[in-house]
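This report concerns only the one structure given below.
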Amino acid sequence: RMAVGARGRDILAQFLIEAVTLSLIGGGIGVVIGAVATWAIGQFAGWQVSMTAGSIVLAAGFSGLVGVFFGFYPARRASRLLPIQALRYE
């Protein structure tokens, strides 16, 4: 994108948005699988189980933070890359 005029911060924002989006999707899938597994184990063992909205919000927030934390370094490297270097490896 830099070759067509994007600034470094545009690249940084794109990478971070992609990282957070993927993390939130993964967190959502994890919450759904966890809810189904919790329900199944509760049915099998005869336990009363519940999931609170707070735990779902906490899982989503943690997933978003993981996306920012682990997406920042590659995003920063990509935003500082010269366009000719990026095109050389494509």
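The values are calculated or read from the model by the stated rules, or taken from the named source; none is laboratory data. Being a predicted model, the structure only gives us computed values, none of them experimental. Don't worry about glycine lacking a Cβ; one is built from the backbone with ideal geometry, like all the others, and counts go over all protein chains shown.
Got at least one residue in segment 69-84 being among the β-branched types (Val, Ile, Thr), modelled with pLDDT under 90 and not in a helix (DSSP H, G or I)?
No, every residue in segment 69-84 fails to be among the β-branched types (Val, Ile, Thr), modelled with pLDDT under 90 and not in a helix (DSSP H, G or I).
When Ala19 is tested against (1) modelled with pLDDT of 90 or more; (2) touching a helix residue (DSSP H, G or I) at 6+ places or on another chain (Cβ under 7 Å); (3) more than 30 Å from Pro83 (Cα to Cα), exactly one condition is not met: (3).
Here Gln43 passes the criteria (1) under 26 Å from Ile25 (Cβ atoms); (2) polar (S, T, N, Q); (3) modelled with pLDDT of 90 or more except the one numbered (1).
So that you can scan it fast, the table gives a plain yes or no per residue for (1) out of contact with any Phe, Trp or Tyr (no Cβ under 6 Å at 6 or more places or on another chain); (2) of a type in the set (Ser, Thr, Tyr); (3) assigned to a helix (DSSP H, G or I):
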site: Ile11; (1), (2), (3): yes, no, yes
site: Thr21; (1), (2), (3): yes, yes, yes
site: Val32; (1), (2), (3): yes, no, yes
site: Thr38; (1), (2), (3): yes, yes, yes
site: Trp47; (1), (2), (3): yes, no, no
site: Leu58; (1), (2), (3): yes, no, yes
site: Phe62; (1), (2), (3): yes, no, yes
